[in-house]
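Below is one structure, written out as structure tokens, with a few remarks after it.
Readers should treat all values here as calculations from the given coordinates under stated rules, not as data from a laboratory. Just so we're clear, the structure is a prediction, and the values are computed from it rather than from any experiment. Quick reminder, even Gly has a Cβ in these numbers, built from the backbone with ideal geometry, and neighbours come from all protein chains shown.
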Amino acid sequence: MPAIDSLIQFRTSVAEANNFTTTILQRYASGNYKFPVLLRNFVVESAFLRIFIAWETFLENIFVKYMMGEQPVFTPIVNRYATPIDINHAKSFLIGLSGKQFVDWSTPDTIRKLSIIYFGNVNIINTVISSIHTDFLALKTIRNAAAHMTAATGGKLDVLASNIMGSPQVGIKAAMLLLWADPVPPIPVSLFSNYITLLDTSAELITNG
């Protein structure tokens with residue numbers, strides 16, 4: 001299937017998750033939320049996790065497609081240093097001899113190294129992932145806290161939230177950070193929405209070449 005199919009699949013998954021958050025964040029005319037805070041936090045964090053998984057799935061799929069000879073929409077891949085015989089063979093190339101059963105698609109350095117190995121130093125995946133490196137790590141921090149809150153993941157989330165929000169944060173929940181809106185822009189936009197836009201733009205750039 002064409003590389004564009006991976007982008008379509010990613011956007012479909014994001015839209016589904018977004019629908020959950022839109023529903024759970026509904027308010028009455030009075031301005032009060034229709035659903036309790038614990039339920040709101042649960043749904044927002046679950047939706048975020050689904051989007052992060054969709055992003056990881058996109059990355060794996062696009063790697064496999066490009067390794068199999070598919071091309072970006074506009075700019076072709078110049079170098080291809082592997083010629084797997086099928087999808088499973090391509091995935092085995094990516095896993096290599098690490099002894100693991102999957103690639104850690106949540107670590108930008110791993111993704112960049114793999115892109116250089118299979119597509120050379122200059123390739124669209126490396127370019128895009130390099131440009132969002134800091135935000136990617138922030139997304140991973142939020143993902144880890146949303147998936148499994150511990151003293152370690154909670155501490156890293158507090159540090160991230162303090163840096164983003166500009167004031168000390170202790171014991172913050174992943175959902176609280178995701179729903180925080182920067183008051184500086186003319187129209188405040190939640191961090192959740194900003195990250196969705198970032199991932200969508202990045203996926204489109206990788207697909208287009």
Options (1) 36; (2) 30; (3) 21 are given for percent of Cα pairs over 33 Å apart, and the computed one is (3)
Under the 7 Å Cα-to-Cβ spin-label approximation, Val37 and Ile4 lie apart by a distance in nanometres of 4.6 nm
What is the set of long-range amide H partners of Asp182 at a cut-off below 5 Å, with H atoms built 1.01 Å from backbone N?
Val189, Leu191
Once normalised by the length of the chain, the mean sequence separation of its alpha carbon contacts under 8 Å that are 6 or more apart gives a contact order in percent of 22 percent
What angle do you read, to the nearest 10 degrees and between 0 and 90, between the alpha-carbon axis of helix 151-165 and the longest principal axis of the chain?
80 degrees
To make sure I understand, if each residue's beta carbon is the centre and we count other beta carbons within 10 Å, what order do Val159, Val14 fall in, fewest to most?
Val159, Val14
Report the relative contact order of the stretch 35-155, percent, no decimals, based on alpha-carbon pairs under 8 angstrom and at least 6 residues apart.
23 percent
Taking the number of other C-beta atoms within 10 Å as the exposure measure, put Thr83, Thr153 in order starting with the fewest.
Thr83, Thr153
Kindly flag which residue pairs out of Lys91/Lys173; Lys91/Lys140; Lys65/Lys173 have an alpha-carbon separation exceeding 31 Å in this structure.
Lys91/Lys173; Lys65/Lys173
Rounded to whole Hz, the Karplus (6.51, -1.76, 1.60) HN-Hα couplings of the stretch 109-116, x for glycine and proline:
5, 5, 5, 5, 4, 5, 5, 5
Taking amide H positions as placed in the peptide plane 1.01 Å from N, state which residues far from Val73 in sequence (5 or more) or on other chains have amide H under 5 Å from it.
Asn208, Gly209
With the chain treated as a Gaussian network of Cα nodes joined by springs under 10 Å, which of Glu16, Glu45, Glu60 yields the largest mean-square fluctuation?
Glu16
When only C-alpha pairs under 8 Å and at least 6 residues apart count, what is the relative contact order of the stretch 88-151, in percent?
25 percent
